[in-house]
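Enquirer: Pasting a structure here, questions to come.
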Amino acid sequence: MPPTSSPRDDDPRQDAPVPPESERFLNREIQWLEFNERVLEQAIDERTPLLERVRFLSIFSSNLDEFFMKRVGGLRRQAAAGVSLTYDGLTPTEQLAAIRCRVLPLIDRQARVYRERIMPALEDAGIRIRAYRDLDAAQRARAKRWYRDQVYPILTPLAVDPGHRFPFISNLSVSLGVLLRRPGESDLRFARLKVPDSMPRWFDVGDRTFVWLPDVLTANLGDVFPGMEIVRVLPFRVTRNADVERDFEDADDLLEHLEQQLRERRFAPVVRMQVEADPDPEIMAFLADELELRPEDLYETRGLIEYRSLDVIADLDRPELQFEPWQPVTSARLTDPDKDIFSIIRQGDVLVHHPYDSFDTSVVRFISEAARDPNVLCIKQALYRTSGDSPFIADLIDAAEHGKQVAVLVELRARFDEQRNIQWARALEDAGVHVAYGVVGLKTHTKIALVVRQEGSGIRCYGHVGTGNYNWKTARLYEDFGLLTCDPEITDDLIDLFNYLTGRSLQEEYTRLLVAPVAMKQRFIGLIDREIEHRRAGRPARIIAKMNQLQDHEVIDALYAASRAGVEIDLIVRGFCTLRPEVPGLSETIRVSSIIGRFLEHSRLFYFRDGQSDPVDGTFLIGSADWMYRNLHARVEAACPIRPRELRTRLWAILEIYLGDRRQAWDMHPDGSYTQRDPAGASTPAATSGTHRALMRAMLGASPITLEQITAQLASAVVTPAPDGAS
């Protein structure tokens, strides 16, 4: 098992000088923008089905919205507080300037892709996007009728004058700024008209021809302001700071404290205003003054100010323009209709890989059967994010109402899901469930569940440890791992961890689990150090780590030390990575790749060769934590070893697929830039079709290619794991 202590005085990482921090670490914010550019590339890539390219335009914008709310908002606070240099040598003010310089060309590129590539391609496919002025008479009549019947009754124009204050403008809302004038007068008056959130942003005027709702409103403002002269109109959209954190340490009631924070967030400062290109200067000046905006807060575009609404187009019933349907497969171990899930788990641990393995017939089934099994005494679960119609909530309530002991940790502070989690917490409490809100000062991010069952004269515990949220909807879109087990060493650790979460125990020793913030970081660094020792002793040494983000500086320094010792390291990091790979004398043996595609790569999987001649005999762990400071220090996280050899064999085969990908993979360079791999370099079906398609094909029982065949093909691909002698 992983060591439990920090590096010793004979630390294998102490033998070489290292460059200063500003040369070792890339800027987190710029690297996140690099990630989002890779998302935008999916909208450009013509190998991606057309309507999925439209969806990636929406995803790019949705990501950017969250970035401005969280990261730009946070940097604004830091700049105001006088925070000095960060690890990469930039002040918050310098980072804000660098972000703007990077964002402007990105949104310009997005607009050009939309105008010059997506719209013509949609036109060729019989899907037309039109300005209101370009509609024919019949189409205008349909739009006008829809507007009068469905939209006009819910519009609320708000004028600004001595008797009417400037209105509140909600986060991410689209509005029309209107300059009005009474006939015969010269004075201009300002009014704001919010585009209703409850109405679809795109209206089909017939024959798959769509018009944007704000465009319809602009053309019909005479109905809203009868008798007034409409002088000029400006559609605009605001983004507010969501990095509004209250001190929870001294809160008497965490739920009430959080509700107050949510109220404060609604009125947080505006950090961005989006407008169409060449906006009216008078309206701009008025809005900037009222919203207290600086010039650098204004972003003009020659495309849409709201691409997120394009999901309506992406969801059209045109299957030939979308990814082929994928129905997750029930794991072979779980298909026996005569066996309950507990008897199956008793026969051996079950590893599931979503969305290839069905979430519904594994994880949802686990809690559902537990809720209805008369032999189950207790269910415990940690919920970070779940869906609006969560089957887990229904099953937990049902279990409590039938007399089972049910304890649930609901993390109220899951960003942007706070209100939903508050509602679930109250519903669970009303049903008699024991609800805890987390550990003060920490976010509970771990994905764990525990079932205690009466079996004969004793009890047996069953557990689930996952990398993703208990959300059956996103489980079809997010890639994650989960382990169903009754291994007593793991379930005993889960008992201790739940006691820590619900009862504030001081448990710090865990037999199998790596738990943050207790000792996870030290144990991961210990595993890295052990690879250095294996390498120096001439034994096979190798590290492969798959995660969402990589940022923790101590972990990065440990990886640098391992690289200087000659350990081969592959990092599969979907999002931002602040480590510099392949730098001579620092990270020559570290390769960083990013997989972007149909499914969102969300799992955290860690592999250490541990001196073993057969790579499958190395150490494998899955868990909820990225190698980020916040995950390792400010969150409750858990990582779990995968022990059965057949499960480790599967994980090794999956890692080989990821490393051999020449369709969806991007390689990172020392300067932080990325290049998409050229599929021309490989001739194998698995490498050229990409990770997601390869894994889908492997899961299908009727598939002409198996997981083992894919692995064998990848052995001859251009990108392969390091040979035994070099690892």
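The values are calculated or read from the model by the stated rules, or taken from the named source; none is laboratory data. Please read these numbers as outputs of a predicted model, since none were measured by experiment. Here Cβ is always computed from backbone atoms with ideal geometry, including for glycine, and neighbour counts include all displayed protein chains.
Enquirer: Given the conditions (1) aliphatic (A, V, I, L, M); (2) in contact with a Pro (Cβ under 7 Å, 6 or more places away or on another chain); (3) surrounded by 18 or more Cβ atoms within 10 Å (Cβ to Cβ); (4) not in a loop (DSSP other than H, G, I, E, B), and given that ILE305 satisfies all but one, which numbered condition is not satisfied?
Expert: Status for ILE305: all satisfied but (4).
Enquirer: For segment 497-512, state whether one or more residues are at pLDDT 95 or above, surrounded by 17 or more Cβ atoms within 10 Å (Cβ to Cβ) and outside any helix (DSSP H, G or I).
Expert: Yes.
Enquirer: I'd like the full set of residues that are surrounded by 13 or more Cβ atoms within 10 Å (Cβ to Cβ), of a type in the set (A, V, I, L, M) and over 22 Å from GLY456 (Cβ atoms), limited to segment 312-349.
Expert: Hits for segment 312-349 are VAL312, ILE313, ALA314, LEU316, LEU321, VAL329, LEU334.
Enquirer: Pull out all pairs, ordered by first then second residue, where Cβ-Cβ is under 8 Å, the residues are six or more apart or on different chains, the first lies in segment 353-381 and is closer than 17 Å to LEU428 by Cα, and the second is among the polar types (S, T, N, Q).
Expert: Within 8 Å, the pairs are ILE367/GLN381; CYS378/GLN405; ILE379/GLN405; LYS380/THR502.
Enquirer: Answer yes if at least one residue in segment 668-688 is surrounded by fewer than 21 Cβ atoms within 10 Å (Cβ to Cβ), part of a helix (DSSP H, G or I) and in contact with a strand residue (DSSP E or B) (Cβ under 7 Å, 6 or more places away or on another chain), and no otherwise.
Expert: Within segment 668-688 (the criterion being surrounded by fewer than 21 Cβ atoms within 10 Å (Cβ to Cβ), part of a helix (DSSP H, G or I) and in contact with a strand residue (DSSP E or B) (Cβ under 7 Å, 6 or more places away or on another chain)), the answer is no, since none of the residues qualifies.
Enquirer: Taking only segment 515-551 into account, find how many residues are in a helix (DSSP H, G or I) and either among the aromatic types (Phe, Trp, Tyr) or more than 26 Å from HIS633 (Cα to Cα) (or both). Talk me through it step by step, then tell me what you get.
Expert: To start, the set of residues in segment 515-551 that are in a helix (DSSP H, G or I) comprises 520-536.
Now drop any that are not either among the aromatic types (Phe, Trp, Tyr) or more than 26 Å from HIS633 (Cα to Cα) (or both), which leaves 524, 533-536.
So the count comes out to 5.
Enquirer: Can you tell me which residue is farthest from SER331 (Cα to Cα) among those in segment 363-412 that are under 30 Å from the mean Cα position of the chain (by Cα) and of a type in the set (Asp, Glu)?
Expert: GLU411
Okay, residues lined up against (1) over 27 Å from the mean Cα position of the chain (by Cα); (2) part of a strand (DSSP E or B); (3) not hydroxyl-bearing (Ser, Thr, Tyr):
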| site | (1), (2), (3) |
| --- | --- |
| ASP570 | no, yes, yes |
| SER594 | no, yes, no |
| ARG598 | no, no, yes |
| LEU605 | no, yes, yes |
| SER613 | yes, no, no |
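Enquirer: Quick check: is even one residue across segment 485-494 among the acidic types (Asp, Glu) and in a strand (DSSP E or B)? So that I can check it myself, show each step before the final result.
Expert: Filtering segment 485-494 down to residues among the acidic types (Asp, Glu) leaves 487, 489, 492-493.
Of the ones still in play, those that are also in a strand (DSSP E or B) are none.
No - not one qualifying residue is present in segment 485-494.
Enquirer: Counting just the residues of segment 442-492 that are of a type in the set (Ser, Thr, Tyr) and farther than 24 Å from GLU418 by Cα, which one comes out modelled with the lowest pLDDT?
Expert: Residue satisfying both the conditions and the ranking: SER457.
Enquirer: Suppose we filter segment 536-560 for residues that are charged (D, E, K, R), surrounded by 23 or more Cβ atoms within 10 Å (Cβ to Cβ) and closer than 26 Å to ASP614 by Cβ; how many remain? It would help to see each step written out before you state the result.
Expert: Initial filter on segment 536-560 (charged (D, E, K, R)): 536, 539, 542, 546, 552, 554, 557.
Keeping just the survivors that are surrounded by 23 or more Cβ atoms within 10 Å (Cβ to Cβ) gives 542, 546, 552.
After this cut, where a residue has to be closer than 26 Å to ASP614 by Cβ as well, the list is 542, 546.
Matching residues across segment 536-560 total 2.
Enquirer: I need the full set of residues from segment 631-665 which are basic (Lys, Arg), part of a loop (DSSP other than H, G, I, E, B) and surrounded by fewer than 20 Cβ atoms within 10 Å (Cβ to Cβ), in order please.
Expert: Restricting attention to segment 631-665, the residues satisfying the condition of being basic (Lys, Arg) are 635, 643, 645, 648, 650, 662-663.
Narrowing further to those that are part of a loop (DSSP other than H, G, I, E, B): 643, 662-663.
Once the filter is applied, which keeps residues that are basic (Lys, Arg), part of a loop (DSSP other than H, G, I, E, B) and surrounded by fewer than 20 Cβ atoms within 10 Å (Cβ to Cβ), segment 631-665 yields only ARG643.
Enquirer: Scan segment 426-449 for residues that are surrounded by fewer than 22 Cβ atoms within 10 Å (Cβ to Cβ), farther than 22 Å from ALA634 by Cα and among the hydrophobic types (A, V, I, L, M, F, W, C) and jot them down.
Expert: Those that are surrounded by fewer than 22 Cβ atoms within 10 Å (Cβ to Cβ), farther than 22 Å from ALA634 by Cα and among the hydrophobic types (A, V, I, L, M, F, W, C): ALA427, LEU428, ALA431.
Enquirer: Would it be correct to say that PHE190 is of a type outside the set (D, E, K, R), closer than 14 Å to LEU287 by Cβ, modelled with pLDDT under 95 and in the same structural domain as TYR307 (by TED's automatic domain parsing)?
Expert: Numbers: of a type outside the set (D, E, K, R): yes; closer than 14 Å to LEU287 by Cβ: yes; modelled with pLDDT under 95: no; in the same structural domain as TYR307 (by TED's automatic domain parsing): yes.
No; evaluated as a whole, the condition is false for this residue.
Enquirer: Looking at VAL363, VAL410, which is the one that is modelled with pLDDT of 90 or more and assigned by TED's automatic domain parsing to the domain that holds GLU479?
Expert: Details: VAL410 fails: modelled with pLDDT of 90 or more.
Matching residue, one of VAL363, VAL410: VAL363.
Enquirer: Select from segment 199-242 the residues that are basic (Lys, Arg), within 34 Å of the chain's Cα centre (by Cα) and not in a loop (DSSP other than H, G, I, E, B) and write down the one among them that is nearest to GLN139 (Cα to Cα).
Expert: Taking segment 199-242 as the starting set, the residues that turn out to be basic (Lys, Arg) are 201, 208, 232, 237, 240.
Then keep just the ones that are within 34 Å of the chain's Cα centre (by Cα); that gives 201, 208, 237, 240.
Now restrict to residues that are not in a loop (DSSP other than H, G, I, E, B): 237, 240.
Details: ARG237: 27, ARG240: 36 Å.
Filtering first and then ranking leaves ARG237.
Enquirer: Given the options ASP252, ASP243, ASP247, name the one that is of a type in the set (Asp, Glu), buried (at least 17 other Cβ atoms within 10 Å of the Cβ) and at pLDDT below 95. Spell out the reasoning first.
Expert: On the way: ASP252 fails: buried (at least 17 other Cβ atoms within 10 Å of the Cβ); ASP247 fails: buried (at least 17 other Cβ atoms within 10 Å of the Cβ).
After ruling out the rest, the residue left standing is ASP243.
Enquirer: Quick test of your reading of the structure: SER563 fulfils all but one of (1) assigned to a helix (DSSP H, G or I); (2) surrounded by fewer than 22 Cβ atoms within 10 Å (Cβ to Cβ). Name the failing condition by number.
Expert: Just one mismatch for SER563, condition (2).
Enquirer: When only residues in segment 263-282 that are surrounded by fewer than 13 Cβ atoms within 10 Å (Cβ to Cβ) and part of a helix (DSSP H, G or I) count, which is modelled with the highest pLDDT? Reasoning before the result, please.
Expert: Step one: of segment 263-282, the residues surrounded by fewer than 13 Cβ atoms within 10 Å (Cβ to Cβ) are 263-264, 266-267, 277-278, 281.
Those left that are additionally part of a helix (DSSP H, G or I): 263-264, 266, 281.
Values: ARG263: 65, GLU264: 65, ARG266: 74, PRO281: 95.
Going through the qualifying residues, I end up with PRO281.
Enquirer: Here's a follow-up. Checking GLU52 against (1) surrounded by fewer than 20 Cβ atoms within 10 Å (Cβ to Cβ); (2) more than 19 Å from the chain's Cα centre (by Cα), which single condition isn't satisfied?
Expert: That leaves (2) as the condition not met.
Enquirer: Of all residues in segment 590-626, count the ones that are surrounded by fewer than 22 Cβ atoms within 10 Å (Cβ to Cβ), polar (S, T, N, Q) and either in contact with a helix residue (DSSP H, G or I) (Cβ under 8 Å, 6 or more places away or on another chain) or closer than 20 Å to PHE35 by Cα (or both).
Expert: 2
Enquirer: Collect the residues in segment 1-46 that are assigned to a loop (DSSP other than H, G, I, E, B), more than 27 Å from TYR607 (Cα to Cα) and either modelled with pLDDT of 95 or more or of a type in the set (Asp, Glu) (or both), keeping them in residue-number order.
Expert: Of everything in segment 1-46, those that are assigned to a loop (DSSP other than H, G, I, E, B), more than 27 Å from TYR607 (Cα to Cα) and either modelled with pLDDT of 95 or more or of a type in the set (Asp, Glu) (or both) turn out to be ASP45, GLU46.
Enquirer: Being in a loop (DSSP other than H, G, I, E, B) and hydrophobic (A, V, I, L, M, F, W, C) is the filter; apply it to segment 572-589 and report the residue that is surrounded by the fewest Cβ atoms within 10 Å (Cβ to Cβ).
Expert: Step one: filter segment 572-589 for residues in a loop (DSSP other than H, G, I, E, B), giving 574-576, 578, 580-589.
When the remaining residues are screened for being hydrophobic (A, V, I, L, M, F, W, C), the result is 576, 583, 586.
Working: PHE576: 23, VAL583: 18, LEU586: 20.
Among those residues, the one meeting the criterion is VAL583.
Enquirer: If you don't mind, there's one more thing I want to ask. Looking only at segment 431-459, which residues are assigned to a strand (DSSP E or B) and under 30 Å from SER343 (Cβ atoms)?
Expert: The initial filter retains those residues of segment 431-459 that are assigned to a strand (DSSP E or B), namely 434-436, 443-444, 447-455, 458-459.
Once the filter is applied, which keeps residues that are assigned to a strand (DSSP E or B) and under 30 Å from SER343 (Cβ atoms), segment 431-459 yields HIS434, LYS447, ILE448, ALA449, LEU450, VAL451, VAL452, ARG453, GLN454, GLU455, GLY458, ILE459.
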